[in-house]
Amino acid sequence: MAPIQEPEIQLAQRLASNEKAIRTKAMKKLRKYISARSQRAAGGFTGDELLKLWKGLFYCLWMQDKPLLQEELSNQISALIHSFHDIDKQLMYLESFLQTFKREWTGIDRLRMDKFYQ
């Protein structure tokens with residue numbers, strides 16, 4: 001029997017999918033997941049969990065091809081911060097974004113650079 005993966009890993013894998021329909025559904029699920037999980041008193045996210053989600057978000061944007069869709073996706077990703085119900089978790093989300101881009105920045109080729117500047 002295969003081990004059950006953490007929800008963050010499953011979402012990250014779907015966010016990085018080659019198929020746009022899978023990535024779109026994953027973004028909707030992620031928004032709901034963040035909102036539901038951040039409402040729990042004892043719940044919330046750890047830094048490692050947010051880094052896993054951000055890796056998926058990074059590659060979700062990586063896979064998006066058309067400029068208007070890239071802009072829309074960038075707006076959706078930035079709006080996810082409002083799904084967190086605690087300012088500390090919002091800051092942790094932002095910190096995870098910065099850590100992810102610091103880690104991945106040197107691997108971005110010049111053809112994809114514009115979408116990440118956006």
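The values are calculated or read from the model by the stated rules, or taken from the named source; none is laboratory data. Here the structure is a predicted model, which is why all the values come from computation and not from measurement. Because the Cβ atoms are built from the backbone with ideal geometry, glycine has one as well, and the counts that use them run over all protein chains shown. To get the accessible areas, we keep the full protein, side chains included, count just its heavy atoms, and leave off ligands, DNA and RNA. Shrake-Rupley method; radii C 1.70, N 1.55, O 1.52, S 1.80 Å.
About the Cα centre of the chain, what is the dipole size in debye to 20, counting +1 per Lys and Arg Cβ and -1 per Asp and Glu Cβ, all else neutral?
340
Could you derive backbone 3J(HN,Hα) for the range 31-36 from the dihedral phi with the Karplus parameters 6.51, -1.76 and 1.60 (θ = phi - 60°), listing whole Hz in sequence and x where the residue is Gly or Pro?
4, 5, 4, 4, 4, 5
At 7 Å along Cα-to-Cβ for each site, give me the label-to-label distance between HIS85 and TRP62 in nm.
Between HIS85 and TRP62, the simple spin-label model gives 3.4 nm.
Calculate one ³J(HN,Hα) per residue across the range 64-79 by plugging θ = phi - 60° into the Karplus curve 6.51 cos²θ - 1.76 cosθ + 1.60, and present them in order as whole Hz with x for glycine and proline.
6, 9, 7, x, 5, 5, 5, 5, 4, 5, 4, 5, 5, 5, 5, 6
State the label only: which of [x] 23, 17, 14; [y] 25, 17, 14; [z] 28, 15, 13 corresponds to semi-axes √(5λ) of the Cα gyration tensor in Å computed from the shown model?
Looking at semi-axes √(5λ) of the Cα gyration tensor in Å for this model, the match is [x].
How about the range 15-103: which trypsin sites (Lys or Arg not before Pro) there are in a DSSP loop, with at most 13 other Cβ atoms within 10 Å of their Cβ?
In loop regions of the range 15-103 (DSSP not H, G, I, E or B), the sparsely surrounded trypsin sites (Lys or Arg not before Pro) are ARG40.
From the helices alone, meaning DSSP H stretches of at least four residues, give me the mean residue ellipticity at 222 nm for the chain, per-run term -39500 (n - 2.57), in deg cm²/dmol to the nearest 500.
-22500 deg cm²/dmol
Take the solvent-accessible surface of the protein heavy atoms, probe 1.4 Å, and return the percent of it on the range 24-103 that carbon and sulfur atoms account for.
On the way: 2680 of 4660 Å².
Summing carbon and sulfur atoms, their accessible area is 58 percent of the total for the range 24-103.
Which lysines, if any, have their Cα less than 24 Å from the Cα of LYS66, not counting same-chain residues under 8 positions apart?
Reachable lysines: LYS20, LYS25, LYS28, LYS29, LYS55, LYS115.
Please give the contour-minus-distance gain from ARG103 to SER74: 0.36 nm per residue of separation, less the Cα-Cα distance, rounded to one decimal in nm.
8.6 nm
Which value, in Å², gives the accessible area per residue of the chain when a 1.4 Å probe is used on the protein heavy atoms? Walk me through the numbers on the way to the answer.
Working: 7540 Å² over 118 residues.
Counting only protein heavy atoms, the per-residue value for the chain is 64 Å².
Would you report the distance distribution of C-alpha pairs in the range 3-59 as whole percents per 5 angstrom bin, up to the bin with the largest distance?
4, 20, 29, 26, 14, 6, 1, 0
Using Cα-Cα distances under 8 Å and only pairs 6 or more residues apart, what relative contact order does the chain have, in percent?
It comes to 30 percent, rounded to a whole number.
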